[in-house]
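Single-structure report; data block below.
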Amino acid sequence: MALKIKANSLIEHCYLQIFGSGVEYRRTAFTGGARHFPFGQVDAILMDANNVLSFQVGEEVFSLQTKPSNAKHREVIGIFLQEVRRAHGAA
């Protein structure tokens, strides 16, 4: 099973995927590519009241809509949090 959250619309392709080495994020309407970040580069992770997951790398913030009722989304978010904590030496 891929550790991936998809948040696509008719005009936009968006996903967050977890790999052993880090996280890959893509948000594009027609062109563009995926961005990959090692877990240690992720400075902050936030889930807002509308279930939009955002994470910060340096001065950039990346966001996508999640569905808390979706078990796969919950699993990916949990692993993402766990790996970022581990990369930063947190328990």
* Asked: For Glu59, are the conditions met, namely being exposed (fewer than 11 other Cβ atoms within 10 Å of the Cβ) and among the acidic types (Asp, Glu)?
  -> yes
* Quick check: anything in the stretch 47-56 loosely packed, with under 12 Cβ neighbours inside 10 Å, at pLDDT 95 or above and not charged (D, E, K, R)? -> yes
* Asked: Across the stretch 63-82, what is the total count of residues that are modelled with pLDDT of 95 or more, more than 17 Å from His13 (Cα to Cα) and in contact with a helix residue (DSSP H, G or I) (Cβ under 9 Å, 6 or more places away or on another chain)?
  -> 1
* To do: Could you please find all residues in the stretch 49-91 being over 13 Å from the mean Cα position of the chain (by Cα) and more than 28 Å from Ala29 (Cβ to Cβ)?
  => Ala71, Arg85, Arg86, Ala87, His88, Gly89, Ala90, Ala91
* Structure fact -> Of all strands (runs of 3 or more DSSP E) fully inside the chain, the set with 1 or more residues that are of a type in the set (Ser, Thr, Tyr) and without any contact (Cβ under 8 Å) to a residue 40 or more places away in the chain is 22-28, 52-57, 60-65
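The values are calculated or read from the model by the stated rules, or taken from the named source; none is laboratory data. On a predicted model such as this, the values are computed, not experimentally measured, just so you know. A quick note on method: Cβ atoms are made from the backbone with ideal geometry, for glycine too, and the neighbour counts reach across all protein chains shown.
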